[in-house]
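**Student:** Structure in structure tokens, see below.
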Amino acid sequence: MLVLLGPDFDGSDQGYQALARATGLLPYDLRTRVKPGSFGLIKTFGQAAQAEELAARLVAAGFPVVCVDRQVVNDPDRRHVPVQKLELGASSFHLKLKDREMEVPYGALTCIVEGEVQPGRTGGTPATGVASSGAIRAVTPGSGEMQVFREAHLTAPIGHLAADLHFATVLWIARIDARVFDFGPQRSGNVSADLSKLTNELASRARVRVDRNVRVSSVASFAEQPPPMRAGSPQPQSVRGKVDAGDARFDSYSRLIGEAERVGRRGP
């Protein structure tokens, strides 16, 4: 269970000092973990009761804190649904998906998470053990190994911009993939500017936040870590395939932020 400090934290010296007293952490450590304007990871707990106890204490002290279950990162119900086109109306917006179209009231939107997606990026590096000094030797790669190395770099996936729309009542996530999304006749040709203009306008009408902190947030650093292995409960093949096809850092970060905003909207 994660205890997250919300983006409304003021970031003042007094705020960090008070947060240090309430958490038992050093102010310097907290400054590296939490920044005003973005969600920050305060502590992780194995037991939900411990996380909820700390969160309740911090909320009582006036801090914008929520608890989020780390399992949302691997929740198969929080799948990404591609958005082909989006039209803004007076009180709702029209989503055109691959197999259906739907009208969504602005009040159903909880937040937008925008950033760069790198397909195939995985969460962390698996441990391979430590070799003894006597087993270490210089290795000269053969021509076949060099060819594989070159091809791996030449075919490295290229990142692209995307924005995830999170909702209050459903767990699936509407993803705007800037490579294929139809920006309409108002597009400028600058994909980054067009995407930001769209998400800013949508967020303004829905009165929600656009989160663009995946590069700097401590939540993103946590999201990139591989989940703990549980004996006797291997991940299903179908789920592994979906995770491998996405971006472990951005996808996990987006799910955590979406859930944090949903929990924050419900209140303590």
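The values are calculated or read from the model by the stated rules, or taken from the named source; none is laboratory data. Because the structure is predicted, anything quoted here is derived from the model rather than measured. Don't worry about glycine lacking a Cβ; one is built from the backbone with ideal geometry, like all the others, and counts go over all protein chains shown. All accessible areas refer to the heavy atoms of the entire protein, side chains included, with ligands and DNA or RNA removed. Shrake-Rupley method; radii C 1.70, N 1.55, O 1.52, S 1.80 Å.
**Student:** So with the 1.4 Å probe, I'd like the accessible area per residue for the stretch 162-205, rounded to whole Å².
**Tutor:** Ligands and nucleic acids excluded, the figure is 48 Å² per residue.
**Student:** Let me ask something else about it. Note down the net charge around Thr169, summing +1 for each Lys or Arg and -1 for each Asp or Glu among other residues with Cβ under 12 Å from its Cβ.
**Tutor:** Residues close to Thr169 contribute a combined charge of +3.
**Student:** Separate question: Counting every Cα pair in the stretch 187-226, what percent are over 14 Å apart?
**Tutor:** It works out to 60 percent of all Cα pairs.
**Student:** Averaged per residue, what accessible area in Å² does the stretch 1-110 show with a 1.4 Å probe, protein chains only?
**Tutor:** 51 Å²
**Student:** Okay, moving on. Which shape class applies to the stretch 15-55: rounded if a/c is under 1.5, otherwise prolate when a/b exceeds b/c and oblate if not, where a ≥ b ≥ c are the square roots of the Cα gyration tensor eigenvalues?
**Tutor:** Prolate is the answer for the stretch 15-55, as a/c is 1.5 or above and a/b outweighs b/c.
**Student:** On alpha-carbon atoms, Rg over Rh for the stretch 25-121 using Kirkwood Rh?
**Tutor:** Computed over Cα atoms, the ratio is 1.06.
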